[in-house]
Amino acid sequence: MAVVKFPARGSVLLVDNQDLIHVGLRVVLQRQEWVTRIIGARRGADAVLLAERHAPRVAVIDLFVGDEFGTEIAAAICERARDVRVLLTSSARSITQHAAREAGALGFVAKDVPATEFVNSIRTVAMGEDPFVWRSDVARGALSGRQQQILELMAQGATNRTIAQILGLSVDTVKHHTTLIYRRLDVRNRAAAVHHGQQLGLLQPAVRVPQRHAVPATPPSPMQRAA
């Protein structure tokens, strides 16, 4: 029978703006022998201060804490409290591994996974056994291939008409996909969509949008001017 290993005893910092998450995770984590204390924060600034003050073993941070980006909170904690290990989580969106690593996180776990798997992910990060924990079952928030293309072109400042010309679509089809992108990223405009896409690692290095230049007119010949 396999022996379950436990990390050194320590506290866990929960960074989320939803009360239900704080209550639910507290109930589950209180049963873990290695957890000595559970600290809660609902804002990024509070999370950073608590991380510096209490040096929790793990900080579990939602990708979006109110209007704040979890990746930015994670990066701030990693900079100010270097011994804290960060695990990102979300119930509505996913993130690329590259973006999570760039934020200093040691993993991502979807809130949709079973409670035992969620807690095991926290324990694994606390132990530092795996270089990176990845348990992403989140389907919501993911973009289709076509929507990904449109988002990348939006990031370059391309208009709906330009996007339609590049991708061989009608302008109405581009508008429809744009609406779906806004809905899936939970934003209301292009700037917010691009910003969210950058935070989630959805934007790839983009190909420069070709610009249409007017062909310079050929100057008239002397005979044409004489005519």
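The values are calculated or read from the model by the stated rules, or taken from the named source; none is laboratory data. These numbers were taken from a predicted model, which means no experiment stands behind them. Quick reminder, even Gly has a Cβ in these numbers, built from the backbone with ideal geometry, and neighbours come from all protein chains shown.
Descriptive notes on the structure:
- Answer from Thr179, Thr71, Thr124 - the residue that is assigned to a helix (DSSP H, G or I) and in contact with a helix residue (DSSP H, G or I) (Cβ under 7 Å, 6 or more places away or on another chain): Thr71
- Residues satisfying the criterion are present in region 81-91 (criterion: modelled with pLDDT of 90 or more and in contact with a Ser or Thr (Cβ under 8 Å, 6 or more places away or on another chain)).
- The single condition among (1) in contact (Cβ under 8 Å) with a residue 60 or more places away in the chain; (2) under 20 Å from Gln32 (Cα atoms); (3) exposed (fewer than 14 other Cβ atoms within 10 Å of the Cβ) that Thr116 does not meet is (1).
- Scanning region 26-54 for residues that are over 17 Å from Arg85 (Cα atoms), in a helix (DSSP H, G or I) and in contact (Cβ under 8 Å) with a residue 24 or more places away in the chain yields a count of 1.
- Qualifying residue in region 89-104 (condition: charged (D, E, K, R), crowded, with 20+ Cβ neighbours inside 10 Å and farther than 30 Å from Gln32 by Cβ): no
- Selection count, region 76-96, where residues are within 19 Å of the chain's Cα centre (by Cα) and among the acidic types (Asp, Glu): 1
- With respect to the conditions (1) within 24 Å of the chain's Cα centre (by Cα); (2) over 23 Å from Ser91 (Cα atoms); (3) at pLDDT below 95, Leu49 falls short on a single one, namely (3).
- The one condition in (1) without any contact (Cβ under 8 Å) to a residue 12 or more places away in the chain; (2) within 30 Å of Glu33 (Cβ to Cβ) that Gly168 fails to fulfil: (2)
- Pairs are defined by a Cβ separation below 6 Å, a sequence spacing of at least 6 or placement on different chains, a first member in region 174-193 that is surrounded by 15 or more Cβ atoms within 10 Å (Cβ to Cβ), and a second member that is outside any helix (DSSP H, G or I); the pairs so defined are Arg184/Gly141; Ala193/Val187.
- Taken together, Glu79, Glu52 contain a single residue that is loosely packed, with under 15 Cβ neighbours inside 10 Å and touching a helix residue (DSSP H, G or I) at 6+ places or on another chain (Cβ under 6 Å), which is Glu52.
- Residue within region 117-127 that is more than 19 Å from Leu202 (Cβ to Cβ) and of a type in the set (Gly, Ala, Ser) present: yes
- Scan of region 74-108 for residues that are of a type in the set (A, V, I, L, M), out of contact with any Phe, Trp or Tyr (no Cβ under 7 Å at 6 or more places or on another chain) and not in a strand (DSSP E or B), ordered by number: Ala74, Ala75, Ala76, Ile77, Ala81, Val84, Ala92, Ala99, Ala103, Ala105
- Restricted to region 127-176, and to residues there that are of a type in the set (D, E, K, R) and outside any helix (DSSP H, G or I), the residue that is modelled with the lowest pLDDT is Arg140.
- Checked against the criterion of being at pLDDT below 90, part of a helix (DSSP H, G or I) and surrounded by 12 or more Cβ atoms within 10 Å (Cβ to Cβ), region 215-225 has no qualifying residue.
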